[in-house]
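The values are calculated or read from the model by the stated rules, or taken from the named source; none is laboratory data. Keep in mind that this is a model prediction, so the values were computed, not measured. Note that we place each Cβ from the backbone using ideal geometry, even for glycine, and neighbour counts take in every protein chain shown.
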Amino acid sequence: MSARAFLPKPVPRATIEHLLTLASRAPSGTNTQPWKVYVLQGASRNALVDKVCAAHDALRADPSLAAQYREEYDYYPEQWVSPYIDRRRENGWSLYGLLGITKGDKDKMHAQHQRNFRFFDAPVGLMFTLDKVMGRGSLVDYGMFLENLMIAARGHGLHTCPQAAWNGFAKIILPHIDASDSEMLVCGMALGFADPDEKVNGFHTPREPVASFTQWLE
Ligand SMILES: Cc1cc2nc3c(=O)[nH]c(=O)nc-3n(C[C@H](O)[C@H](O)[C@H](O)COP(=O)(O)O)c2cc1C
């Protein structure tokens, strides 16, 4: 599950290193291992949070700024169609419903969205980049690396939230982490100890039954 509220409890560097070692057992085409990870804690984490929250607020005040903030690859489709749009809406409204955010409440929506840019208060923020020379297949490899990392985190009592929300702010993030021009931002991730008392962490998402996405051919 994706956690969206974390305790301030720090995560030892040795644990993070161990999780990354486990994650790197992910398979990748011809063992290319295309992942590159930036671990943000303390001042570097906090400074990025401040910069991106300020940009997010400014964007709300002046939507014409959106042209400046482009994702480096299309994570989502340009044109949403059923059934994906329906699942997306159900997901969003279920989460907002749990948090008591109603349709017209733009301030609360903005505030909840902005929690992404505080890593949901997790003490560890991760940024993942990919060398732009690599092909689309590397994103398949990357997904397995990320999933390994998330499962390994659970094995150590930790939770995560993978975050594409950061992607639009790559032009702030990449210089902040000192990434080279050849890197593109794949996504961010919050890592830490989930707060069990926050109701947002009681949000459990449904899945389609196997029969709805599987064809048996004999
Ligand atoms: C690559 C990726 C990016 C995501 N980006 C965000 C995000 O920016 N913010 C967020 O709250 N959740 C994000 N999610 C979490 C999804 O909303 C979540 O995985 C989905 O709703 C299923 O819920 P579950 O992870 O709790 O099972 C992301 C998930 C993935 C795999």
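Being at pLDDT 95 or above, of a type in the set (D, E, K, R) and in contact with a strand residue (DSSP E or B) (Cβ under 6 Å, 6 or more places away or on another chain) is the requirement here; does residue 107 meet it? It is false that residue 107 is at pLDDT 95 or above, of a type in the set (D, E, K, R) and in contact with a strand residue (DSSP E or B) (Cβ under 6 Å, 6 or more places away or on another chain). Take residue 54 and tell me if it is among the small types (Gly, Ala, Ser), more than 22 Å from residue 176 (Cα to Cα) and either surrounded by 14 or more Cβ atoms within 10 Å (Cβ to Cβ) or free of Cβ contacts under 8 Å to residues at least 12 places away in the same chain (or both). No: the conditions fail for residue 54. Of all residues assigned to the stretch 182-201, at least one qualifies as being part of a helix (DSSP H, G or I), within 11 Å of the ligand (Cβ to nearest atom) and farther than 26 Å from residue 73 by Cβ. Might you check whether a residue that is buried (at least 16 other Cβ atoms within 10 Å of the Cβ) and touching a Leu at 6+ places or on another chain (Cβ under 9 Å) occurs anywhere in the stretch 101-113? Checked against the condition, which is being buried (at least 16 other Cβ atoms within 10 Å of the Cβ) and touching a Leu at 6+ places or on another chain (Cβ under 9 Å), the stretch 101-113 yields at least one hit. Checked against (1) under 27 Å from residue 90 (Cβ atoms); (2) within 16 Å of the ligand (Cβ to nearest atom); (3) in a helix (DSSP H, G or I), residue 212 passes all but a single condition, namely (2).
The combined condition, being within 16 Å of the ligand (Cβ to nearest atom) and more than 19 Å from residue 22 (Cβ to Cβ), is not fulfilled by residue 154. Note on the stretch 58-75: residues that are within 16 Å of the ligand (Cβ to nearest atom), without any contact (Cβ under 8 Å) to a residue 60 or more places away in the chain and part of a loop (DSSP other than H, G, I, E, B) total 1. Pairs meeting the criteria (first residue in the stretch 80-94 and without any contact (Cβ under 8 Å) to a residue 40 or more places away in the chain and over 20 Å from residue 203 (Cβ atoms), second residue within 12 Å of the ligand (Cβ to nearest atom) and of a type outside the set (A, V, I, L, M, F, W, C), beta carbons under 8 Å, at least 6 apart or on different chains) are 80/88. When the stretch 1-49 is limited to residues that are closer than 23 Å to residue 182 by Cα and hydroxyl-bearing (Ser, Thr, Tyr), the one that is surrounded by the fewest Cβ atoms within 10 Å (Cβ to Cβ) turns out to be 30. Residues in the stretch 114-151 that are within 22 Å of residue 22 (Cβ to Cβ), outside any helix (DSSP H, G or I) and of a type outside the set (Gly, Ala, Ser): 123, 124, 126, 127, 128, 129, 130. Mind listing whichever residues of the stretch 157-177 are within 14 Å of the ligand (Cβ to nearest atom) and in a helix (DSSP H, G or I)? If the condition is that a residue be within 14 Å of the ligand (Cβ to nearest atom) and in a helix (DSSP H, G or I), then 165, 166, 167, 168, 169, 170, 173 are the ones that fit. Looking across the stretch 179-206, just one residue is under 22 Å from residue 145 (Cα atoms) and without any contact (Cβ under 8 Å) to a residue 24 or more places away in the chain, and that is 180.
The set of residues in the stretch 95-115 being within 12 Å of the ligand (Cβ to nearest atom), closer than 27 Å to residue 39 by Cβ and free of Cβ contacts under 8 Å to residues at least 60 places away in the same chain consists of 112, 113.
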